Amino acid sequence: MEFLGADVIIESLKKEGAEVVFGYPGGAVLPLYDALYRMKFPHVLARHEQGAVHAADGYARATGKVGVCIATSGPGATNLITGIATAYMDSVPLVAITGQVGVSLIGKDSFQEADVRGITTPITKHNYLVKKIQDLPRVIKEAFYIARSGRPGPVVIDISKDVFNDKIDYKYPEDVKLRGYSPVFAGDEATIELVVEKMRQAKKPLFFVGGGVNISDTSDLLRKITELTGFPVISSLMGLGCISSSDADNLGMVGMHGTYAANMATIECDLLLGVGVRFDDRVTGLVKDFAPRAQVVHFDIDPAEINKNIIADIRVVGDLRWSLPLLYEKAADYDCQEWRKNIDPWLVTVCDWKRQKPLGYKCSDEVIMPQLVIETVSQLTNGDAVIVTDVGQHQMWTAQYYQFLNQRSFLTSGGLGTMGYGLPAAIGAQLGLPEKTVVLFTGDGSIMMNCQEMATAANNNVAVKIIVMNNQVLGMVSQWQRMFYEERYSHTCLKGRTDFVKLAEAMGVTGLRVTKPSELQATLAEAFRIEGPVLVDVWLPDAEDVLPMVPANCRLDQMVLGG
Amino acid sequence: MKYTLAVLVENKPGVLTHISGLISRRAYNIESIAASYTEEADTTRITIDVEVDDKLQLEQVVNQLSKLIDVIKIINLTHIDSIHRELALIKVKARPETRSDIVDIVEIFRAKIVDVNRETMVIELTGEESKINALCEVLMDYGIIEIVRTGKIALSRGPIAAKNM
């Protein structure tokens, strides 16, 4: 049957199981939008292309499915860039479809022309420019396969307007044939045996879990292994949720704003089992002194991660869905009671660290402490919500104080650190998981970077709860200015006349405000009771630091503690 | 240390950009790069000379390049017995009184004269980098007008093709 190129895209999206696309129309994608209209494909109109791409990202992270977004050529496509880079850094499966000018206009500096393939090359897993309709079905098939398989990532398909309007006898390919791409699943079984041997000998072992566990949905397996072995666990920002925050063995987040116990355990451990982590500089602190006494085992699907930042003594390259079941099986062959005796003194030590120096802050009757906001929401949602954040102090407090129970329950821009990610990502997550409570923690800085998406939430009745941690400053930057720049607060003061409640209401979102600690609980509870999207403007003191903190280029045990 | 890699890639537009972009983004040091078609119409072969600190960094270069979807295979030819060649075209001043001297030099280097006119000659030489450097140095005395050199290409000796290694 003859299909228009635009219709080929919609049909192919259906075949790939896409349920919804996020986008913004424009000249070059007019035929595609016409197909969306004619074929009644679910589409969420963002208010900015950046909103569309972050929403697709949030949808993908929350559901594990491939997120899809659409933008027009030129500025539409360039507005996606931050979102594509965000997804790339955090390995999020995404397909971004951009319109391109007509084939004869490419390269002529035509109206709304940008070299999207060139611009997106360093921030995509792969990208395409489609100039012939014959290539279109294959390219879409490949794009989805590449985005979701192996280490996931964003794929851009830039499609010339002519291709949308051209016709083809449409048949969607069954298979993908890519000579240069065959993601590893199973690795070398012998390495797992070696790891088990190291685990048996270890006196101070430590699991370090990261985003890879969330992405591969292997948190249950990991819990089985930690229960079997009794080894304590630390987590990167991206690994939060894999192991319940309340587990006794869970020492919490490691790194720049990690817990005392997690950071000390990293310094003291003799075996560090990194699972789906990439040893980011925010984790390692001074990289040469990271885990100085440990043999490092690195489990990862991407061979290029091995030895990139930290030299691994043993590498286990393969999908965690292959390596973790095997690790469990082989470990279960041994008498774990026996090894537990080996590590008993170590468990006492880490428990002492955890007990002696827990996360803490000074309570106040006068002002609302930011940590209390997170704790209150944690209680109100029983740790069962999908938590989304923007970037800054509120992000770190959320990571520290929210009691996560489940994998894929914490969506945050970890790698790129994108302010403005939160609101659209929360909308995408809520649309992907309509039954879930979705809470966005944002700041008075971050929310302004994509506040237009409140209109998207209101118009589509997406019931996200937006908590604005309003301290009237760019908190994280001002914290650094306080600590390292002798309190020269260069352009970090946001004190002004912005009224977030009015802003919310102007766009059709219910706005609430809370300024006193005594009213915090009730106001937040009300926000959860109200149907539809709600913004709560929470007034906080302006000079609260995120602690503990490991200053840049310091060892993880050189923390500034608080509480 | 310098390594020579043979990189087999899909013969598609933009592949060389992908590779050179990755190399510059990851801050690897490329000494030379040469790309062309192969015996298979859909495959391009790129020879890369890369300067790295140690084996670990080389592993990173190979692993990162391997992640590119269009990269089919990478073979490290550094320690495989192989032939390494560059091509140079050198335009040199050649008046009647110096012409025969230059012809002698060309013969010694087993180079070829591919163009002669009243004032200049163009000399073509293939060989390893050091040989080309040596010829250029000798010809400097006569006055080199311009030089163009290709990147290095390399091929293993023996019957096995890189794609089967």
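The values are calculated or read from the model by the stated rules, or taken from the named source; none is laboratory data. None of the values given here were measured: they were computed from a predicted structure. Positions of Cβ are generated from backbone atoms using ideal geometry, with glycine treated the same way; all protein chains shown enter the neighbour counts.
Please enumerate the residues belonging to segment A:275-322 that are under 19 Å from A:G153 (Cα atoms), within 14 Å of chain B (Cβ to nearest Cβ) and not acidic (D, E).
Taking segment A:275-322 and keeping what is under 19 Å from A:G153 (Cα atoms), we get A:275-280, A:299-306, A:308, A:317-321.
Next, only the ones that are within 14 Å of chain B (Cβ to nearest Cβ) stay: A:278-279, A:300-306, A:308, A:317.
Answer for segment A:275-322, where residues must be under 19 Å from A:G153 (Cα atoms), within 14 Å of chain B (Cβ to nearest Cβ) and not acidic (D, E): A:R278, A:F279, A:I301, A:P303, A:A304, A:I306, A:K308, A:V317.
Got a sec? Which of A:L326, A:L272 is away from every other protein chain (no Cβ under 14 Å), in contact (Cβ under 8 Å) with a residue 12 or more places away in the chain and in contact with a helix residue (DSSP H, G or I) (Cβ under 6 Å, 6 or more places away or on another chain)? Spell out how you get there, then give the answer.
Values: A:L272 fails: in contact with a helix residue (DSSP H, G or I) (Cβ under 6 Å, 6 or more places away or on another chain).
Testing whether each residue is away from every other protein chain (no Cβ under 14 Å), in contact (Cβ under 8 Å) with a residue 12 or more places away in the chain and in contact with a helix residue (DSSP H, G or I) (Cβ under 6 Å, 6 or more places away or on another chain) leaves just A:L326.
Within segment B:1-59, how many residues turn out to be in a loop (DSSP other than H, G, I, E, B), out of contact with any Lys or Arg (no Cβ under 7 Å at 6 or more places or on another chain), at the interface with chain A (Cβ under 10 Å from one of its Cβ atoms) and closer than 23 Å to A:K177 by Cβ? Talk me through it step by step, then tell me what you get.
Quick first cut of segment B:1-59, residues in a loop (DSSP other than H, G, I, E, B) only: B:1, B:11-14, B:26-28, B:38-42, B:52-54.
Those still in the list that are out of contact with any Lys or Arg (no Cβ under 7 Å at 6 or more places or on another chain) too: B:1, B:11-13, B:26-28, B:39-42, B:52-54.
Going one step further and asking which of them are at the interface with chain A (Cβ under 10 Å from one of its Cβ atoms), we end up with B:12-13, B:26, B:42.
Those still in the list that are closer than 23 Å to A:K177 by Cβ too: B:12-13, B:42.
Total satisfying the criteria: 3.
Looking at A:A28, A:A35, which one is at pLDDT 95 or above, buried (at least 24 other Cβ atoms within 10 Å of the Cβ) and out of contact with any His (no Cβ under 9 Å at 6 or more places or on another chain)? Step through it out loud before you land on a result.
Details: A:A35 fails: buried (at least 24 other Cβ atoms within 10 Å of the Cβ).
From the options A:A28, A:A35, the qualifying one is A:A28.
Cβ contacts < 6 Å: first residue away from chain B (no Cβ under 11 Å) and surrounded by 10 or more Cβ atoms within 10 Å (Cβ to Cβ), restricted to segment A:171-185; second residue assigned to a loop (DSSP other than H, G, I, E, B) and of a type in the set (D, E, K, R), any location; separation 6+ or different chain. Result?
Listed pairs, sorted by first residue: A:F185/A:D319.
Looking at (1) in contact with a Gly (Cβ under 8 Å, 6 or more places away or on another chain); (2) surrounded by fewer than 20 Cβ atoms within 10 Å (Cβ to Cβ), which is the one condition that is false for A:D333?
(1)
Select from segment A:48-83 the residues that are of a type in the set (A, V, I, L, M, F, W, C) and either out of contact with any Ser or Thr (no Cβ under 6 Å at 6 or more places or on another chain) or surrounded by fewer than 24 Cβ atoms within 10 Å (Cβ to Cβ) (or both) and list them in ascending order.
Within segment A:48-83, the subset of a type in the set (A, V, I, L, M, F, W, C) is A:52-53, A:55-56, A:60, A:62, A:66, A:68-71, A:77, A:80-81.
Listed by number, the residues that qualify are A:A52, A:V53, A:A55, A:A56, A:A60, A:A62, A:V66, A:V68, A:C69, A:I70, A:L80, A:I81.
What are the residues in segment A:329-347 that are of a type in the set (S, T, N, Q) and in contact (Cβ under 8 Å) with a residue 12 or more places away in the chain, if any? First the steps, then the outcome.
Step one: filter segment A:329-347 for residues of a type in the set (S, T, N, Q), giving A:337, A:342.
The answer is A:N342, and nothing else.
List every residue pair whose Cβ atoms sit under 9 Å apart, with the two residues 6 or more apart in sequence or on different chains, where the first one lies in segment A:290-303 and is within 18 Å of A:E193 (Cβ to Cβ) and the second, anywhere, is aliphatic (A, V, I, L, M) and in a helix (DSSP H, G or I).
A:V297/A:L194; A:V297/A:V195; A:V297/A:M199; A:F299/A:V195; A:F299/A:L320; A:F299/A:L324; A:F299/A:L327
Considering only segment A:357-386, state which residues are touching a residue at least 40 places away in the same chain (Cβ under 8 Å), assigned to a helix (DSSP H, G or I) and out of contact with any His (no Cβ under 9 Å at 6 or more places or on another chain). Please lay out each step first, then the result.
Just the residues of segment A:357-386 that are touching a residue at least 40 places away in the same chain (Cβ under 8 Å), to begin with: A:357-362, A:364-370, A:372-374, A:376-377, A:380-381, A:383-386.
Subset that is assigned to a helix (DSSP H, G or I): A:370, A:372-374, A:376-377, A:380.
Once the filter is applied, which keeps residues that are touching a residue at least 40 places away in the same chain (Cβ under 8 Å), assigned to a helix (DSSP H, G or I) and out of contact with any His (no Cβ under 9 Å at 6 or more places or on another chain), segment A:357-386 yields A:L372, A:T376, A:V377, A:L380.
Is it true that A:V283 is buried (at least 24 other Cβ atoms within 10 Å of the Cβ) and assigned to a helix (DSSP H, G or I)?
Answer is yes for this residue.
Looking at (1) on the phi > 0 side of the Ramachandran plot; (2) not in a loop (DSSP other than H, G, I, E, B), which is the only condition A:V348 fails?
Among (1) on the phi > 0 side of the Ramachandran plot; (2) not in a loop (DSSP other than H, G, I, E, B), A:V348 violates only (1).
Just to verify a result, which residue in segment A:93-126, among those that are among the acidic types (D, E) and without any contact (Cβ under 8 Å) to a residue 40 or more places away in the chain, is farthest from the other protein chains (Cβ to nearest Cβ)?
Taking segment A:93-126 first, the residues among the acidic types (D, E) are A:109, A:113, A:115.
Next, only the ones that are without any contact (Cβ under 8 Å) to a residue 40 or more places away in the chain stay: A:109, A:115.
On the way: A:D109: 19, A:D115: 10 Å.
Restricting to residues being among the acidic types (D, E) and without any contact (Cβ under 8 Å) to a residue 40 or more places away in the chain, the top hit is A:D109.
I'm trying to understand the selection: among the residues of segment B:60-83, which are facing another protein chain (nearest Cβ under 9 Å) and in a loop (DSSP other than H, G, I, E, B)?
Matches in segment B:60-83: B:L68, B:I69, B:D70.
Return a yes/no flag: does segment B:98-106 have any residue that is out of contact with any Phe, Trp or Tyr (no Cβ under 7 Å at 6 or more places or on another chain) and either buried (at least 20 other Cβ atoms within 10 Å of the Cβ) or within 11 Å of chain A (Cβ to nearest Cβ) (or both).
Of all residues in segment B:98-106, those out of contact with any Phe, Trp or Tyr (no Cβ under 7 Å at 6 or more places or on another chain) come to B:99-101, B:103-106.
Then drop every residue that is not either buried (at least 20 other Cβ atoms within 10 Å of the Cβ) or within 11 Å of chain A (Cβ to nearest Cβ) (or both), which leaves B:106.
Yes: segment B:98-106 contains one or more residues that are out of contact with any Phe, Trp or Tyr (no Cβ under 7 Å at 6 or more places or on another chain) and either buried (at least 20 other Cβ atoms within 10 Å of the Cβ) or within 11 Å of chain A (Cβ to nearest Cβ) (or both).
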